[in-house]
Ligand code: GLN
């Protein structure tokens, strides 16, 4: 089977790392900055960065509506960190003018882990990923506060003040993580997404 064409939204954020990890996971990866580039992919990764800024750039680059339509039509999307916030249907602690893509039936809280722990790393058990825990890097990360009935939680914080908080979910063709799997050299979550895009799982 030929490699699925997976775009990385390239308006802001850690685009290069996602392109490299998708390539390692067997996808044909490309950058998406224009509507025609979105039309040319089977699926999309929305990287980390700053969700408010990325939302504004989506409007400026005439990508918001085409992207919302692709999501409504069932395109697989993987959002990490700010990407999770952009996919969420409901955002707590957003800005008043925060623009999102939507489609993922969750409520997320931005910058949820608070100032003292802006960034941290933790090994997480991740449903659907074998061969040991996933090393997760959190950078001013959101968590998932509520999920709709069709949403499957895939990973939770295991201990500390945030124990039990959901930090990875799947909702049909939408996958989202609070953390940054593209930063650790471990391609297993991208492989999971590539399998989703192939329609294998
Ligand atoms: N705090 C950022 C936001 O609200 C997300 C941080 C990240 O993507 N690393 O968009």
Strands (runs of 3 or more DSSP E) lying entirely in region 1-117 (those with 3 or more residues that are more than 14 Å from the ligand (Cβ to nearest atom)): 5-9, 28-32, 104-109
query: Say we look at region 127-152 and pick out the residues that are away from the ligand (no atom under 16 Å from the Cβ) and more than 25 Å from residue 17 (Cα to Cα); which of these is farthest from the chain's Cα centre (by Cα)?
result: 149
query: When only residues in region 32-47 that are within 18 Å of residue 61 (Cβ to Cβ) and touching a helix residue (DSSP H, G or I) at 6+ places or on another chain (Cβ under 6 Å) count, which is surrounded by the fewest Cβ atoms within 10 Å (Cβ to Cβ)?
result: 35
statement: Among 4, 47, the single one that is under 25 Å from residue 188 (Cα atoms) and under 16 Å from the mean Cα position of the chain (by Cα) is 47
- prompt: Here are some residues: 156, 170. Which one is more than 27 Å from residue 11 (Cβ to Cβ), surrounded by fewer than 23 Cβ atoms within 10 Å (Cβ to Cβ) and within 16 Å of the chain's Cα centre (by Cα)?
  reply: 156
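Restricted to region 1-13, and to residues that are buried (at least 19 other Cβ atoms within 10 Å of the Cβ) and within 15 Å of residue 48 (Cβ to Cβ), which residue is modelled with the lowest pLDDT?
Checked region 1-13; the qualifying residue modelled with the lowest pLDDT is 13.
The values are calculated or read from the model by the stated rules, or taken from the named source; none is laboratory data. Computed from a predicted structure; not experimentally measured. Every residue, glycine as well, gets a Cβ built from its backbone with ideal geometry; the counts of neighbours run over all protein chains shown.
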